[in-house]
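Chemist: Submitted below is the structure of interest, expressed as structure tokens.
The values are calculated or read from the model by the stated rules, or taken from the named source; none is laboratory data. Not measured: the values here are computed from a predicted model. Because the Cβ atoms are built from the backbone with ideal geometry, glycine has one as well, and the counts that use them run over all protein chains shown.
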Amino acid sequence: MSKVWLITAALLAFLFTLLPGKAIIKYLANLKYSQTILELGPSWHKEKEGTPTMGGIMFIASISLASVLCMLAFYLSNKDTLSSKQAFFAVARFAIGLIMALSFGLVGFVDDYIKISQKRNLGLTGKQKLFLQFFIAFLYLFLIHFLKQAQSNESLTVFDIPLLGSYNFGVFYWIISSIMLVGIVNAVNLTDGVDGLNASVTFFSALFLMMSSGALGILGMDIMSACLAGGCLGFLVFNYNPAMVFMGDTGSLFLGGMLCAITFGMDKPMLLVSSGAVYLVEMFSVMIQVLYFKATKGKRLFKMSPIHHHFEMCGWSEGKICMGFSAGSIIGGIISLLISIFYYN
């Protein structure tokens, strides 16, 4: 896809987020949809209490609208050069992925609403979240499997692992894929704990996934990636330290769903390991902290987890954390791009 289409997609998502941003923040503030800071995070985060949350609706709407408009415009302007079959499967793959991401965002919205209405940090219970998330993941994987079989009659249960080759995992593919999908979505959610962190890390992940999907010639996923990058950049205007608004679980679960929609839509889910390296570090820091705490009967390996809070406790500013973690996202993105060009292509 030409650079003009991708720039247009990113710019639309950016402007659709930026222009109504202040009005949406004011609306959320008037509704008293604000963050309650209790026991989680460093003590000085208490100063952020009262900041409007659920701001993820800003980029959810903008990314969805921009990507739908750009996909429609691209199809109409290229309908004579694209085969009907090629266009149908590109649009179907795009639509299924977007609906999946919106479904995760809806789970986050419900979670945020419970937090706000009951003035607590915890919304849905862990079991409720996981049930809903695995239901969405299984439904999405089933639809993608059906779509791929209709398109090429190939098995979806094959993982093409860089440097190791292709392996058919059979029925275990569904278990591994659903765990990977739900794991990444929640890992992205864990990354949302410092002003601007999640949006900046996701911006770079989306940027390199756009280049990766472009290098592989996968229609639709590059537009989706461009819109994701543009929406994150627009949100950063309001979310960078000191944040005027938080994305909440509404936004972070949607972002995780979008990243999965792009990589699974490319049929290259293993790219999540490199492009989502920062999220995985965040998730594993929590797991390691819990295991270490139990094994040592109360001792902590990190000053606080997820690991971005550890660096905060070590004296890093929120801006420095964003820059450091963004650098990690860039490195992971470059690795994904190189894998796409030299291994998958």
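Chemist: Could we say that Ser285 is within 14 Å of Thr202 (Cα to Cα) and over 11 Å from the mean Cα position of the chain (by Cα) here? Show your work before the answer.
Modeler: Working: within 14 Å of Thr202 (Cα to Cα): no; over 11 Å from the mean Cα position of the chain (by Cα): yes.
In short, no.
Chemist: Which residues, taken from the range 30-59, are modelled with pLDDT of 75 or more and either within 19 Å of Gly234 (Cα to Cα) or β-branched (Val, Ile, Thr) (or both)?
Modeler: Scanning the range 30-59 gives Thr51, Pro52, Thr53, Met54, Gly55, Gly56, Ile57, Met58, Phe59.
Chemist: Consider only pairs whose beta carbons are under 8 Å apart and that are at least six residues apart or on different chains; among these, list those whose first residue lies in the range 131-146 and is touching a residue at least 40 places away in the same chain (Cβ under 8 Å) and whose second residue is of a type in the set (Ser, Thr, Tyr) and buried (at least 21 other Cβ atoms within 10 Å of the Cβ).
Modeler: Ala137/Ser177; Leu141/Ser177
Chemist: Could you tell me whether Ser275 is modelled with pLDDT of 95 or more, among the small types (Gly, Ala, Ser), closer than 23 Å to Gln133 by Cα and buried (at least 24 other Cβ atoms within 10 Å of the Cβ)?
Modeler: Numbers: modelled with pLDDT of 95 or more: yes; among the small types (Gly, Ala, Ser): yes; closer than 23 Å to Gln133 by Cα: yes; buried (at least 24 other Cβ atoms within 10 Å of the Cβ): yes.
The answer is yes for Ser275.
Chemist: Additional query: Residues being out of contact with any helix residue (DSSP H, G or I) (no Cβ under 8 Å at 6 or more places or on another chain) and of a type in the set (D, E, K, R): count how many of those fall in the range 217-232.
Modeler: Taking the range 217-232 as the starting set, the residues that turn out to be out of contact with any helix residue (DSSP H, G or I) (no Cβ under 8 Å at 6 or more places or on another chain) are 217.
With the extra rule that they be of a type in the set (D, E, K, R), the set shrinks to none.
Within the range 217-232, residues that are out of contact with any helix residue (DSSP H, G or I) (no Cβ under 8 Å at 6 or more places or on another chain) and of a type in the set (D, E, K, R) number 0.
Chemist: Which residues, taken from the range 47-75, are assigned to a helix (DSSP H, G or I) and farther than 17 Å from Arg93 by Cα?
Modeler: Residues satisfying the conditions are Glu47, Lys48, Gly56, Ile57, Met58, Phe59, Ile60, Ala61, Ser62.
Chemist: Of the conditions (1) crowded, with 17+ Cβ neighbours inside 10 Å; (2) out of contact with any Leu (no Cβ under 7 Å at 6 or more places or on another chain), Met54 clears all except one; give me its number.
Modeler: With respect to (1) crowded, with 17+ Cβ neighbours inside 10 Å; (2) out of contact with any Leu (no Cβ under 7 Å at 6 or more places or on another chain), Met54 is out only on (2).
Chemist: Continuing with this model, one more query. Kindly check whether there is at least one residue in the range 283-304 that is part of a loop (DSSP other than H, G, I, E, B), closer than 29 Å to Pro20 by Cβ and touching a helix residue (DSSP H, G or I) at 6+ places or on another chain (Cβ under 8 Å).
Modeler: Going through the range 283-304, the residues part of a loop (DSSP other than H, G, I, E, B) turn out to be 296-304.
Narrowing further to those that are closer than 29 Å to Pro20 by Cβ: none.
Looking for residues that are part of a loop (DSSP other than H, G, I, E, B), closer than 29 Å to Pro20 by Cβ and touching a helix residue (DSSP H, G or I) at 6+ places or on another chain (Cβ under 8 Å), one finds none in the range 283-304, hence no.
Chemist: Can you tell me which residue within the range 279-316, out of those that are closer than 22 Å to Ala243 by Cβ and without any contact (Cβ under 8 Å) to a residue 12 or more places away in the chain, is surrounded by the fewest Cβ atoms within 10 Å (Cβ to Cβ)?
Modeler: Gly315
Chemist: Can you name the residue in the range 123-160 that is surrounded by 13 or more Cβ atoms within 10 Å (Cβ to Cβ) and of a type in the set (Val, Ile, Thr) and, of all such residues, is nearest to Asp112 (Cα to Cα)?
Modeler: Top of the filtered list is Ile136.
Chemist: Does any residue in the range 69-90 that is surrounded by 11 or more Cβ atoms within 10 Å (Cβ to Cβ) come within less than 7 Å, Cβ to Cβ, of a residue that is modelled with pLDDT of 80 or more and not hydrophobic (A, V, I, L, M, F, W, C) six or more places away or on a different chain, and which pairs are these?
Modeler: Short answer, once both residue conditions are applied: Cys70/Thr8; Met71/Gly220; Ala87/Tyr75; Ala90/Gly220.
Chemist: If you don't mind, there's one more thing I want to ask. Every residue in the range 211-263 that is surrounded by fewer than 24 Cβ atoms within 10 Å (Cβ to Cβ) and of a type in the set (Val, Ile, Thr), please.
Modeler: Those that are surrounded by fewer than 24 Cβ atoms within 10 Å (Cβ to Cβ) and of a type in the set (Val, Ile, Thr): Ile218, Val237.
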